[in-house]
Amino acid sequence: MKINKITGLIAATFAPYNEQGEINPEIIPSYASALKRQGIGGVFINGTTGEGAALSLTEKQVLMQKWAREQNNQFKVLAMLGGSNQKEAMSLGKFAADLQLYGVAVTAPYYFRPANVEQLVAYLAPIAAASPNLPFYFYHIPLLTRVELPMLQLLEVAAEKIPNFAGIKYTHNNLMEFNQCLRHEGGKYDVLWGWDETFLAGLAMGARGAVGSTYNFAASLYLDIFRAFEAGDMQKALRLQERSVDFIHLYGQYGGPAAGKAILKLCGIDCGHFRSPVTSLDSEKLTTFKNALHQLSFFDYSMHIHQET
């Protein structure tokens, strides 16, 4: 398969729920329009930010169908198929192929973990084969899966076993390995950077495509970082990256993953609460969080959609 590398920003979307905690796919057209207006080049759905591990098979399919309608030549839809359930991931892979999504991704199994790269590829290969004409990405996020296998070796083994293997969504802090993967076989594979708060570091090590949750509401900040980097203005790029560091630093104080969904709500898109066990912000904490964001001048560069500021 010819690999067309992704450039620019891909937003890792949040799962949209209504007040009863059921999925709310009807919000997706306005959600997608907002992302497109910000200059986002596509979405990565049903992943970590999208609570894929908390969604049922049917819920994932509904979201895939709805997002598929937003796909066009300028806006790609990639779907995370799962991690621990191979059969379900294969079913979703076929579903993604029928919808003609841009691509698919899978994490390492995180309950019964593979002991080596060969075991991991043996798990991935049947899933990739379910959508043989779609680019297949391995989603490397050892912070959550606890699977810390060498990614260079994965590229070598996957090349032999997975014909539609496209690359890695690399959400890890090993910059040396990331750069090695980018340069492997003359830069054959698409290796996407996955740490928003170190976006500039990823660019410095060769990244040209990135997937992240904070691109949902602060794409202009990261696009400015990219433009400053391309222009050789590293001081400006660093100052802008520090703004990302500062607002993401607040996450731990305000609900962790739920903080991102709270920001999205403040920017005008209400995707509801996270599912248990993640604790969402109550109204008092949301107000305090909003004030902290104001102190950082966050809303100077965030998305504006009927913003509650």
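Read-outs: derived from the displayed coordinates by stated rules, not from any lab. These numbers come from a predicted model, not from an experiment. A quick note on method: Cβ atoms are made from the backbone with ideal geometry, for glycine too, and the neighbour counts reach across all protein chains shown.
Observations
- Of all DSSP-defined beta bridges confined to the chain, some 5% are antiparallel rather than parallel.
- Selection of GluC sites (Glu not before Pro), segment 12-46, meeting DSSP coil and at most 14 other Cβ within 10 Å: GLU19, GLU22
- Cα-centred dipole magnitude for the chain, charges only on beta-carbon of K, R (+1) and D, E (-1), debye, nearest 20: 480 debye
- Segment 1-67: trypsin sites (Lys or Arg not before Pro) falling in loop per DSSP and having at most 13 other Cβ within 10 Å: LYS2
- Cα-based helix-to-principal-axis angle, 28-38 vs the chain, degrees rounded to 10: 80 degrees
- Put in line by how crowded their Cβ is, counting other Cβ atoms within 10 Å and starting with the fewest, MET64, MET90, MET1, MET80 read MET1, MET90, MET64, MET80.
- Cα-based shape type of segment 1-85, given that a ≥ b ≥ c are square roots of the gyration tensor eigenvalues and the cut on a/c is 1.5: oblate
- The GluC sites (Glu not before Pro) of segment 222-307 include none that DSSP puts in a loop with a beta carbon having at most 13 other beta carbons within 10 Å.
- In terms of its alpha-carbon gyration tensor, segment 11-160 comes out prolate; a/c meets the 1.5 threshold, and the first ratio a/b outweighs b/c.
- Contact order relative to length of segment 1-115, as percent, for alpha carbon pairs under 8 angstrom and 6 or more apart: 23 percent
- When the Cα gyration tensor is reduced to axis lengths a ≥ b ≥ c, the ratio a/c is 1.5 or higher for segment 163-309, and with a/b above b/c it is classed as prolate.
- The residues SER131, SER283, SER297, when put in order of fewest to most other Cβ atoms within 10 Å, stand as SER283, SER297, SER131.
- Sorted by Cβ density within 10 Å, fewest first, the residues SER56, SER280: SER56, SER280
- Dividing the helix sum by the residues of the chain, where each DSSP H run of 4 or more adds -39500 (n - 2.57), gives a mean residue ellipticity at 222 nm of -13500 deg cm²/dmol.
- Rounded to 5, percent antiparallel among DSSP beta bridges of segment 72-160: 10 percent
- Charge-dipole axis of the chain as Lys and Arg at +1 and Asp and Glu at -1 on Cβ define it, positive-most pick from PHE298, ALA258, PRO25: PRO25
- With Cα atoms, 0 to 90° folded angle of helix 86-99 axis to the chain main axis: 80 degrees
- Dipole magnitude of segment 17-173, debye to nearest 20 (Cβ charges: Lys/Arg +1, Asp/Glu -1, about Cα centre): 240 debye
- Folded to 0 to 90 degrees: helix 215-230 orientation relative to the chain principal axis, Cα: 80 degrees
- Length-normalised contact order for the chain - Cα pairs under 8 Å, 6+ apart - percent: 18 percent
- Once the convex hull of all Cα atoms in the chain is built, its volume per residue stands at 122 Å³.
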